[in-house]
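Here is the structure we will look at.
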2 protein chains.
Amino acid sequence: MRDVALLAGVSVGTVSRVVNEVPNVSPAVRAKVRHAIDKLGWKPSMVAQNMRGQASRMIGFIFSDLENPLYASMIKGAEDVLTQAGYLLIVGSSNHRPEQECSLIDLFDQRQADGLIFTITDEDNPAVLESLAGARFPVVMLERDVSVETAGAVIADHYEGTLHATRHLLNLGHRRIALLAGGRNNRVGRDRLRGFTEAHREQGVEIDPCLLRVNEGIAEDAFGFRHTQLLLSMSEPATAILALGRHLLRGVLSACRAKGVRIPQDLSLITTNDSELAELAQPAVTVIRYSAYELGREAAHLLLQRLADRDNWNFSRIHVPTELVLRDSCTRI
Amino acid sequence: MRDVALLAGVSVGTVSRVVNEVPNVSPAVRAKVRHAIDKLGWKPSMVAQNMRGQASRMIGFIFSDLENPLYASMIKGAEDVLTQAGYLLIVGSSNHRPEQECSLIDLFDQRQADGLIFTITDEDNPAVLESLAGARFPVVMLERDVSVETAGAVIADHYEGTLHATRHLLNLGHRRIALLAGGRNNRVGRDRLRGFTEAHREQGVEIDPCLLRVNEGIAEDAFGFRHTQLLLSMSEPATAILALGRHLLRGVLSACRAKGVRIPQDLSLITTNDSELAELAQPAVTVIRYSAYELGREAAHLLLQRLADRDNWNFSRIHVPTELVLRDSCTRI
DNA sequence: TTGTAAGCGTTATCAT
DNA sequence: ATGATAACGCTTACAA
């Protein structure tokens, strides 16, 4: 910058004024400076700018599960909105490790990120919550719910989704519906369990606890396979499975094929979210669908709104609707 | 920092020495400073540190296609290696937009990233290439080939993979094999076309140009559907399709079902890469498989090697092997 | 062993 | 309208 000033025969202050387009700088000087900048190929140092406390126009996104393609759509949704608004989205993945989440939060904080979209792994982890509370930027939680007052949240309506899906199966006459899911300790898992329970309560059907297969952590591939096998070999097997989680369908289908169980004749099946496999499996699988892309967009919008009005700390929660897509994997019993 | 120094009754220089663990600082002073730091909850400002030109221990990853789950595995592979080595991986997605790639490169450069793993969208884009050449960090290309001397590269062996797959079909007696692929202008697409051509040349089989459906950009979902339809309604239809690209399988299968074409009786099919759908479709689809995770790991290793030995600018290219996974989608003709 | 002070590249507040 | 200069928070010669 000093070199530019020297070459243009002005002071560094003037160079700063030119690049920042502050008024009250004569066209002649402006031209000289512009010329010197081009000639020297100088570009302002963001690091130095940040040291002066400028906004970085960079938003962080921390998510936990690389293998879940839903996140890709969420990121894309957020990115489309943020890019439009002149922000750059930087993504870090935590792989379900709270320590990694802390590192990333610190990193974004120290790098002066202007905001954060976050799918926390463990909603109650004190270390992560503390990092979050200490951060200088607004935070929007995606598909999660934390007790941090200042954080916004965008969540798909898993309660409604599960409620409808369960009702659908109950209306088809099913009385032994198994629930296969993960994330018992996060908002998504809890909402799903609530919906499942509520639908049964409505119709006065008792839930056999053996049919509840809700994993503590994320429901992995193997989880779906193993528990489907177990469910199918019970003395009184499940007649329907609600497989709620992106990784579950594969295991469920494999287990059914291995055991020669036909869908939907022997077993009705609903899963979430929609996928190539659900659509093109034979028979095509009924799914609870919601738009992860929309989730990402909403999160970005909420964040932008916060950014525009930093004092408006009202506690907003946005729900994105779900939809039951009827295909051929369920039958009346 | 001044506050810490004040509270500890030392100078800021000493505080710096303590946190940076330079030797020759008395244990007594060290303890005092540590105590003051804890008491004040002070943390060094990375921004200021970077202004002094310190390493940031942060690696950038720019990729183009959020919707391709292969990237998730690559990121995970890179992340596993880099986290182990004490680096943080920051991911930015370009959505196939060169301008976005430039922004990201600039950002990583300005933020003092220590290195970059990059899947460039257009191997010949001058603007991106220039940004790349101007960057201060080592770069490793992933699945791409650029003319920048100093960049390393890690690439799956698509030539071999396609060669074997094509041979397999030719050996089964197929003479009208269609090639459905994207990325005609990048390394992956070129290697695939070379492999396809070479296998035909080996066996003295002429390629009907009508069977070559290689898209310029990425082969989208609709591309697979449309061209499969076209291929199947030719006067002399293809007897086999080589669908090389992550998004293609869905469209191909949909088109076959719509037209009532049975696999493998009416049409043999090989695709890449392996996926849930390929594995669980009926019939299960033969695939060219390679480990995207390994690709990511190798890229990270190469980068780490460069970082450890900054002068070692030897031009390294690493190839990751491919494997033909035989399933039920091909038959003798 | 520790303190002092220059310097990193900006922006902002004064003067002029 | 422009220049000089302090300040941002740190590292590192150099001095003590």
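Please treat every number below as a calculation from the coordinates, not as lab data. The model shown is predicted, which means the values in this text are computed figures rather than measured ones. For neighbour counting, all protein chains shown are included, and Cβ atoms are generated from backbone atoms with ideal geometry for every residue, glycine included.
For GluC sites (Glu not before Pro), the sites in segment A:117-179 that DSSP calls loop and that have at most 15 other Cβ atoms within 10 Å are A:E149. Between A:P69, A:P27, A:P138, the residue with the greatest mean-square fluctuation in the GNM of chain A (Cα pairs under 10 Å linked by springs) is A:P27.
Summarise the long-distance tail of P(r) for segment A:212-262 by giving the % of C-alpha pairs beyond 18 Å.
21
The GNM of chain A, with springs linking C-alpha atoms under 10 angstrom apart, assigns the highest mean-square fluctuation among A:M58, A:M46, A:M141 to A:M46.
Estimated from the Cβ-Cβ distance and a Förster radius of 22 angstrom, the FRET efficiency linking A:A258 and A:M234 is about 0.85.
For segment A:217-295, applying the loop criterion from DSSP together with a ceiling of 16 other beta carbons within 10 Å to the trypsin sites (Lys or Arg not before Pro) yields A:R262. Taking amide H positions as modeled 1.01 Å from N, with prolines and chain starts lacking one, the residues under 5 Å from B:R246 and 5 or more places away or on another chain are B:N273. Taking a ≥ b ≥ c as the square roots of the eigenvalues of the Cα gyration tensor, segment B:158-289 is classed as rounded, since a/c falls below 1.5. Estimated from the Cβ-Cβ distance and a Förster radius of 45 angstrom, the FRET efficiency linking A:Q49 and B:E323 is about 0.35. Taken about its Cα centre, the protein assembly as shown carries a charge dipole of roughly 640 debye when the Cβ of each Lys and Arg holds +1 and the Cβ of each Asp and Glu holds -1.
Peptide A:104-114 is shielded by partner chain Cβ atoms: per residue, an average of 3 of them sit within 10 Å of its Cβ. Across segment B:55-68, computed HN-Hα scalar couplings (Karplus, 6.51 cos²θ - 1.76 cosθ + 1.60, θ = phi - 60°) run 5, 9, 6, 10, 10, x, 9, 10, 10, 9, 10, 4, 7, 8 Hz from first to last residue, x flagging Gly and Pro.
Remark: segment A:1-122 projects, on average over all directions, an area of 9.4 nm² (convex hull of Cα atoms). Computed on the Cα trace of segment B:1-54, the radius of gyration divided by the Kirkwood hydrodynamic radius gives Rg/Rh = 0.96. With N counted as the residues of the protein assembly as shown, its alpha-carbon radius of gyration over 2.2 N^0.38 Å works out to 1.08. Relative to one another, the C-alpha centroids of segment A:260-275 and segment A:187-258 are positioned 12 Å apart.
Farthest towards the positive end of the charge dipole of the protein assembly as shown, among the residues A:V128, A:G161, B:A238, is the Cα of A:V128, using unit charges on the Cβ of Lys, Arg, Asp and Glu.
Counted by Cβ distance under 14 Å from B:A28, the other residues give a net charge of +4, where Lys and Arg count +1 and Asp and Glu count -1. Based on the Stokes-Einstein relation at 4 °C and a viscosity of 1.567 mPa s, and on the Kirkwood radius from alpha carbon pairs, chain B is assigned a translational diffusion coefficient of 58 µm²/s. Classified by the C-alpha gyration tensor, segment A:73-198 has a prolate form. Its axis ratio a/c, with a ≥ b ≥ c, is 1.5 or above, and a/b is larger than b/c.
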